[in-house]
Amino acid sequence: RKEVEQDPGPFNVPEGATVAFNCTYSNSASQSFFWYRQDCRKEPKLLMSVYSSGNEDGRFTAQLNRASQYISLLIRDSKLSDSATYLCVGYTGNQFYFGTGTSLTVIP
Amino acid sequence: DGGITQSPKYLFRKEGQNVTLSCEQNLNHDAMYWYRQDPGQGLRLIYYSQIVNDFQKGDIAEGYSVSREKKESFPLTVTSAQKNPTAFYLCASRDSYEQYFGPGTRLTVT
């Protein structure tokens with residue numbers, strides 16, 4: 001079983017829509033979690049860290065549920081520029097474990 | 001301007017040749033990582049280093065080698081023993097728990 005699993009999508013949503021991605025992890029000892037954004041043929045870029053209390057950065061909200069071992073990312077009021085692949089990442093014992101990514105396309 | 005640089009951006013090699021990918025950072029981070037990414041797949045860890053002169057194998061280290069003689073530099077050599085070397089190679093460094101990536105090198109071996 002993979003350390004981190006996420007639905008690959010694709011998610012195709014209209015501009016202005018709200019979209020949510022979920023990700024599950026298998027190692028309950030994982031220390032930290034992150035969402036990264038990766039544009040086509042580019043490197044991943046850190047979008048936000050994920051905290052148990054939930055955290056928000058503008059239109060983006062991340063949540064961690066340790067009891068159920070899942071992480072979520074909510075994007076409100078989607079913009080065309082949000083189109084990308086979103087990677088869920090867990091950190092355990094000096095290593096990072098990446099999901100395969102969820103593809104999002106925001107349509108005009 | 002702080003960051004991670006990888007060179008070259010694109011690299012072409014003939015099968016049977018070793019090739020070394022460069023990774024340099026001026027962020028003063030102790031930990032550095034090498035990943036490969038294949039189409040439709042997540043990032044897979046090749047090697048990582050927590051401090052100078054020390055490194056550990058990741059999940060797919062076979063056919064690769066690294067060195068960490070300086071804090072700033074973590075070069076990756078793709079040897080002829082690597083069966084499927086064509087991929088996108090990403091170097092990263094870590095500050096506390098957050099990881100930052102270089103722009104990557106696309107290696108094509110024919």
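Let's see how each residue does on (1) more than 21 Å from residue A:42 (Cα to Cα); (2) open to solvent by 20 Å² or more (accessible area, probe 1.4 Å); (3) within 12 Å of chain A (Cβ to nearest Cβ); (4) touching a helix residue (DSSP H, G or I) at 6+ places or on another chain (Cβ under 7 Å):
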site	(1), (2), (3), (4)
B:10	no, yes, yes, no
B:14	yes, yes, no, no
B:19	yes, no, no, no
B:24	no, yes, no, no
B:28	yes, yes, no, no
B:46	no, no, yes, no
B:56	yes, yes, yes, no
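Scanning the stretch A:16-50 for residues that are under 15 Å from residue A:99 (Cβ atoms) and either in contact with a helix residue (DSSP H, G or I) (Cβ under 9 Å, 6 or more places away or on another chain) or assigned to a loop (DSSP other than H, G, I, E, B) (or both) yields a count of 4.
Scanning the stretch A:84-95 for residues that are facing chain B (nearest Cβ under 7 Å) and open to solvent by 10 Å² or more (accessible area, probe 1.4 Å) returns A:94, A:95.
Within the stretch B:85-110, residues that are of a type in the set (D, E, K, R) have Cβ atoms under 6 Å from residues that are open to solvent by less than 50 Å² (accessible area, probe 1.4 Å) and part of a strand (DSSP E or B) in these pairs: B:94/B:31; B:106/B:88, counting only partners at least 6 apart in sequence or on another chain. I'm trying to understand the selection: among the residues of the stretch B:28-57, which are under 16 Å from residue B:88 (Cβ atoms) and of a type outside the set (Ser, Thr, Tyr)? B:34, B:36, B:37, B:38, B:39, B:40, B:41, B:42, B:43, B:44, B:45, B:46 - these are the residues of the stretch B:28-57 that are under 16 Å from residue B:88 (Cβ atoms) and of a type outside the set (Ser, Thr, Tyr). Listed by first and then second residue, the pairs with beta-carbon distance under 8 Å, at least 6 apart or on different chains, first residue in the stretch B:25-43 and on the phi > 0 side of the Ramachandran plot, second open to solvent by 20 Å² or more (accessible area, probe 1.4 Å) and assigned to a loop (DSSP other than H, G, I, E, B), are B:28/B:71; B:40/A:8; B:40/A:100.
The values are calculated or read from the model by the stated rules, or taken from the named source; none is laboratory data. Bear in mind the structure is a predicted one, so any value in this text is a computation, not a measurement. Positions of Cβ are generated from backbone atoms using ideal geometry, with glycine treated the same way; all protein chains shown enter the neighbour counts. All accessible areas refer to the heavy atoms of the entire protein, side chains included, with ligands and DNA or RNA removed. Shrake-Rupley method; radii C 1.70, N 1.55, O 1.52, S 1.80 Å.
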